[in-house]
1. Among the listed residues PHE324, PHE345, identify the single one that is assigned to a loop (DSSP other than H, G, I, E, B), of a type in the set (Phe, Trp, Tyr), at negative phi and touching a residue at least 12 places away in the same chain (Cβ under 8 Å).
2. What pairs come up if the first residue lies in the stretch 472-498 and is touching a residue at least 12 places away in the same chain (Cβ under 8 Å), the second is in a helix (DSSP H, G or I) and surrounded by 15 or more Cβ atoms within 10 Å (Cβ to Cβ), and their beta carbons are under 8 Å apart, counting only those six or more places apart or on different chains?
3. Pairs only if they're at least six apart or on different chains, beta carbon under 9 angstrom, first in the stretch 32-44 and over 26 Å from GLY176 (Cα atoms) and touching a residue at least 60 places away in the same chain (Cβ under 8 Å), second small (Gly, Ala, Ser) and outside any loop (DSSP other than H, G, I, E, B); list them, first residue then second.
4. Hey, any hits in the stretch 183-199 for a residue that's free of Cβ contacts under 8 Å to residues at least 24 places away in the same chain and among the aromatic types (Phe, Trp, Tyr)?
5. Exactly one condition in (1) in contact (Cβ under 8 Å) with a residue 60 or more places away in the chain; (2) surrounded by 17 or more Cβ atoms within 10 Å (Cβ to Cβ) is false for LYS254; which is it?
6. Out of the residues in the stretch 385-413 meeting the condition of being in a loop (DSSP other than H, G, I, E, B) and of a type in the set (A, V, I, L, M), tell me which one is modelled with the highest pLDDT.
7. Return yes or no: is ILE112 closer than 21 Å to PHE227 by Cβ and at pLDDT 80 or above?
8. Hey, among ALA251, ALA229, which residue is over 24 Å from LEU422 (Cβ atoms) and modelled with pLDDT of 85 or more?
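The values are calculated or read from the model by the stated rules, or taken from the named source; none is laboratory data. Nothing here was measured: the structure is a model prediction, and the numbers come from that model. For neighbour counting, all protein chains shown are included, and Cβ atoms are generated from backbone atoms with ideal geometry for every residue, glycine included.
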Amino acid sequence: MGNTAKFKITMAICLFLGISCAPYVNYQPQRAPKAAKSAEYNISVYHELDPLPPQSLQLGKLTINNAVPSMINCDYNDVIRLAKWKVRKVGGDALHIINIKLPDETNSCYGITANIISFDAIETMFWSSIDLDKNDFKEYYHENVLDPIEGIWTVSENTDWENMLTGVKGNNEIAGKYEVAIIRDKEEYNRYNSYILHSEETEWPRGQMKAYYSKNGYQHTYEEHWFMADHTEKIRNIILEESGIFRTSSAFSKYPINYDRENISLKVYPPFYMTAPGLAVNTQLQSMGSGFVISGNGLIITNYHVIHGKQEIEVYFPSIDKSFTAKIALQDKNNDIALLALEDFHISEYFTEDIPFIISNTSDMRLGQEIFTLGYPLGEILGKSVKLSTGDISSLYGIKDDPRLIQISNPIQPGNSGGPLLNENGEIIGVVVSTLNARYFYENESIIPQNINFAIKGNYVANLISILPEYQELSKRKNLLLGKSLEEKIELISPFIVTIK
């Protein structure tokens, strides 16, 4: 008798007896059951080759299959949901799948064999952790100069599998499997620790370290040390993509099934980019900019977008009517900062006065604080003399609470970009960077924003120059502007404000 005939007979028996041909659950206990878990308790799922958490205990073995052939659709997810129900009932924490039975011509249901696992909570007490919640991390991001990898990320897992004998393929996707917060390590400057905020895996409670990242020699590249469930580490190289994403992949096999797994990490806070749709630089004038001298050997701070794509960079000192060729010494594309080095320049050959200003600690800023900027708006259209713009701090954050930016009320024009933002003591607290895109807001919100402009916080400049040999000299400089009137400050500062061509 063929399979088709057997199937028809079996289905007739099922219908005649009024019984269901749905999957049955067979459980063989190996330890006494624990207290049952609630229906909301999350059950972790592992495949046979996945590492298990340390001190995992096997409570028993579970088999889900059909006693008879079935034409009832029981897909893989249905079977897993049924298995999780049984795990909760016996007080388990995880399902460790050791075999998957695929549908065939006589049975349209999946089947599995799995171990029910319980975790030893004592083990987690000795794993590295941190007692901070999401709001605590956000406060850290607001108050500190950040590396691009620092922030809150969601990690999704996508696993494709294929049976090499039958060609049957499947997919298991867990969106938002982890939510993690990454911050700089307190001891190692170029190490960044990733802590769990939320996990779909029971064995990773909030606050535990899930990974750490070490900076490589190239921009936006890191070495990832990812901790598996058994606390062994998997080391991989990652590259941050422009959209604030990085990916890792792995492959493993359990004959006859091959697995390909990809983890996708998406940065959700703070924004990876500064140039959001409403925050834009006028592209027709973006090559025009200002800058300011920070050292006697000719180091200049300006915006990255001002010098981006230039084959040659010319720095012009209107105060002495002289130009110098410059090269890029350092750049921070993500924060729109560039450090230029002048060729054949020493300050004593051209100026009798020392650089009068210092870079201030941004944490001292206050809402409503009076500020001013000096620069060359619209390039040479308004002439070669430095222009003053005054205002106050409107917000300590940028669009969508971007912690890198200060919102200022000072009128800003293209050409101001890269100029210094100074407080009433003549201390540099930021670098003017951009203005709201009025056309975007008019077309999308029917409003025309006025006097809503932005500057990069001075901490990001300090962070960039901290790796320079000249840093010790710069950090010891005294503020020569204390007690001076605004007019006196402008007179002393202006010689060191330059245009970038």
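1. Step by step, each of PHE324, PHE345 is checked, and only PHE345 is assigned to a loop (DSSP other than H, G, I, E, B), of a type in the set (Phe, Trp, Tyr), at negative phi and touching a residue at least 12 places away in the same chain (Cβ under 8 Å).
2. Cβ pairs passing all conditions: LEU474/ILE465; LEU480/LEU492; LEU481/LYS489; LEU481/LEU492; LEU481/ILE493; LYS484/LEU492.
3. Close Cβ pairs (under 9 Å, with a partner that is small (Gly, Ala, Ser) and outside any loop (DSSP other than H, G, I, E, B)) amount to LYS34/SER118.
4. yes
5. So LYS254 meets the others, but not (2).
6. Restricting to residues being in a loop (DSSP other than H, G, I, E, B) and of a type in the set (A, V, I, L, M), the top hit is LEU396.
7. no
8. Exactly one residue qualifies, and that residue is ALA251.
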